[in-house]
Amino acid sequence: MKLYGFFRSSAAFRTRIALNLKGLSYDQAPINLRANEQRGGDYLKVNAMGIVPTLIDGEVAIGQSLAIVEYLDETHPQPPLLPKLPADRARVRAIAMDIACEIHPVNNLRIRRYLLHELGQDERALELWMNHWTKLGFDGIEPMLADDKRTGDFCHGDTPSIADICLVPGVFNARIYPSFDMTPYPNIRRIFDNCMKLDAFQRALPERQPDAV
């Protein structure tokens, strides 16, 4: 397997966690988002959207982190990243999407760069922007975790799922600005800490990737 990604990309971070949880070996092909390599002709032949990550598995090429994670779960079922019951699977997917589809898209690097360079916003405005959308998302996710007996050591039960794979990079993004207050989110913080005790999450850390600078 080959994973095209960028060490600071939250979406690539998710994919690395999933690969590690599955115990799969893979080669990394760094794409420097800061240098706009994702918009280069060579990479656009791999991923026409010009985004990371992209997973290559033999003749199969997959973009979008959640699609990659579910592909890995279907092709390598152990350990499972989704629970068995349909309602539980829906809950896990909903938590994952609340992060990957609601918080992350408005706070990712290309949005931040557009705000700064095209719309002329300054760093303070960018800080307010990111903190606003993160708070809005975490304010919804925290009670989902606190008020549901299915929450355990992790978002759902006592083993990591796709929800945790999304949660951890989401917390890293929340910490970009020290002004963001994590105090109101004890369950998010507790689950994050439990995840970070696992080798699969540690090895996926941005600073431990070959393109980290």
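The values are calculated or read from the model by the stated rules, or taken from the named source; none is laboratory data. Every value quoted in this text rests on a predicted model; they were computed, and no experiment measured them. Heads up, the Cβs are rebuilt from the backbone with ideal geometry, glycines too, and the neighbour counts pull from every protein chain shown.
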| request: Those residues that are under 18 Å from the mean Cα position of the chain (by Cα) and of a type in the set (S, T, Y), I need them from region 130-153; list them, please. | output: T134
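Condition check: buried (at least 21 other Cβ atoms within 10 Å of the Cβ), acidic (D, E) and either more than 17 Å from F7 (Cβ to Cβ) or at pLDDT below 95 (or both). Does D153 satisfy that? Outline the logic, then answer.
Numbers: buried (at least 21 other Cβ atoms within 10 Å of the Cβ): no; acidic (D, E): yes; either more than 17 Å from F7 (Cβ to Cβ) or at pLDDT below 95 (or both): yes.
Here the answer is no, as D153 does not meet what is asked.
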| query | What is the one condition in (1) within 21 Å of P206 (Cβ to Cβ); (2) modelled with pLDDT of 95 or more that E37 does not satisfy? | reply | (2)
| Within region 116-136, considering residues that are among the hydrophobic types (A, V, I, L, M, F, W, C) and part of a helix (DSSP H, G or I), the one surrounded by the most Cβ atoms within 10 Å (Cβ to Cβ) | M130
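Which of the residues spanning region 137-172 are part of a helix (DSSP H, G or I) and without any contact (Cβ under 8 Å) to a residue 24 or more places away in the chain?
So the first thing to find is which residues in region 137-172 are part of a helix (DSSP H, G or I), and the list is 137-146, 162-172.
Across region 137-172, the qualifying residues are P143, V171.
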| message | Please go through region 16-49 and give me each residue that is out of contact with any strand residue (DSSP E or B) (no Cβ under 6 Å at 6 or more places or on another chain) and surrounded by 17 or more Cβ atoms within 10 Å (Cβ to Cβ), ordered by number. | response | R16, I17, A18, L19, N20, L21, K22, P30, L33, Q38, Y43
| Those residues of region 69-97 which are assigned by TED's automatic domain parsing to the domain that holds K22 and β-branched (V, I, T), in sequence order | V69, T75
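Given the criterion over 17 Å from A12 (Cβ atoms) and surrounded by 13 or more Cβ atoms within 10 Å (Cβ to Cβ), identify the matching residue among E142, E70, E74. Give the derivation first.
Numbers: E70 fails: over 17 Å from A12 (Cβ atoms); E74 fails: surrounded by 13 or more Cβ atoms within 10 Å (Cβ to Cβ).
It is E142.
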| said: Would you confirm, using the coordinates I've provided, whether I188 is at pLDDT below 95, at negative phi and in contact with a helix residue (DSSP H, G or I) (Cβ under 7 Å, 6 or more places away or on another chain)? | reply: no
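On the given criteria, is D88 in contact with a Leu (Cβ under 9 Å, 6 or more places away or on another chain), closer than 18 Å to P169 by Cβ, charged (D, E, K, R) and at pLDDT 95 or above?
no
Of all helices (runs of 4 or more DSSP H) completely enclosed by region 1-82, which ones contain at least 2 residues that are under 14 Å from C166 (Cβ atoms) and touching a residue at least 40 places away in the same chain (Cβ under 8 Å)?
Hits in region 1-82: 10-21, 65-75.
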| message | Go through (1) outside the structural domain of E142 (by TED's automatic domain parsing); (2) charged (D, E, K, R); (3) within 18 Å of the chain's Cα centre (by Cα) for D27 and report which single condition fails. | response | (3)
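Tell me yes or no: at least one residue of region 93-115 is in contact with a strand residue (DSSP E or B) (Cβ under 9 Å, 6 or more places away or on another chain), at pLDDT 95 or above, surrounded by fewer than 17 Cβ atoms within 10 Å (Cβ to Cβ) and not small (G, A, S).
Start the filter on region 93-115 by keeping residues that are in contact with a strand residue (DSSP E or B) (Cβ under 9 Å, 6 or more places away or on another chain), which leaves none.
Scanning region 93-115 turns up no residue that is in contact with a strand residue (DSSP E or B) (Cβ under 9 Å, 6 or more places away or on another chain), at pLDDT 95 or above, surrounded by fewer than 17 Cβ atoms within 10 Å (Cβ to Cβ) and not small (G, A, S).
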